[in-house]
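What follows is a single structure, written as structure tokens, with notes after it.
The values are calculated or read from the model by the stated rules, or taken from the named source; none is laboratory data. The shown structure was predicted, so the numbers you read here are calculated from the model rather than taken from an experiment. Cβ coordinates were reconstructed from backbone atoms using ideal geometry, including for glycine residues, and neighbour counts include every protein chain displayed. Side chains are part of the model used for accessible areas, which takes the heavy atoms of the whole protein and leaves out ligands, DNA and RNA. Shrake-Rupley method; radii C 1.70, N 1.55, O 1.52, S 1.80 Å.
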Amino acid sequence: MGAIAVVLDHTTATALYDPKDPANEAVAAFYVQASGGLGSLFAPVLSLAAGDIECPGLLDYIDGLRFVQTETFDAEAARTATELLRAGYSWAAVHAVHAARPSARFPSGRYLLTLTPEMYRGTGVQAVHPDG
């Protein structure tokens, strides 16, 4: 089995940032796997910005982690965001959805790691909770 690509949303990024968060250990396990070359972690900047509102310092912390690659918010991501915002999805979710959807680089898409998989119903992404 090859390395898997995983997108962190604002909930899992916050859990990784806060050592007292109940999901910290489960999310940190994904970071440890990425550090060992067993996977890749991605964090969409708009999701991080949304998380930083509730948890100041989150964006800088995640952006500074060696084994998390931040995803920029480009015009294609903005198109997806507009579509999803019109459909009623939150600002915190839209960039994570874009990052997890199939693309030229990830034809099968990427897993979306979240503490709230139900928030992503109907988006066409594989939203999974870190505890399984």
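Miscellaneous remarks
- Cβ-Cβ distances below 7 Å connect the following pairs, each with a first residue in the stretch 64-90 that is farther than 17 Å from Arg101 by Cα, a second residue that is outside any strand (DSSP E or B) and open to solvent by 40 Å² or more (accessible area, probe 1.4 Å), and a separation of six or more residues or different chains: Phe67/Tyr31; Phe67/Ser35.
- One residue from Ile62, Ile53 being part of a helix (DSSP H, G or I), open to solvent by less than 30 Å² (accessible area, probe 1.4 Å) and either at pLDDT below 95 or not charged (D, E, K, R) (or both): Ile62
- Residue match in the stretch 77-91 (condition: farther than 27 Å from Asp18 by Cβ and touching a helix residue (DSSP H, G or I) at 6+ places or on another chain (Cβ under 8 Å)): yes
- Within the stretch 1-34, considering residues that are of a type in the set (A, V, I, L, M) and open to solvent by 60 Å² or more (accessible area, probe 1.4 Å), the one modelled with the lowest pLDDT: Met1
- Looking only at the stretch 80-130, residues that are part of a helix (DSSP H, G or I), open to solvent by 40 Å² or more (accessible area, probe 1.4 Å) and either at pLDDT below 95 or among the basic types (Lys, Arg) (or both) come to 2 in all.
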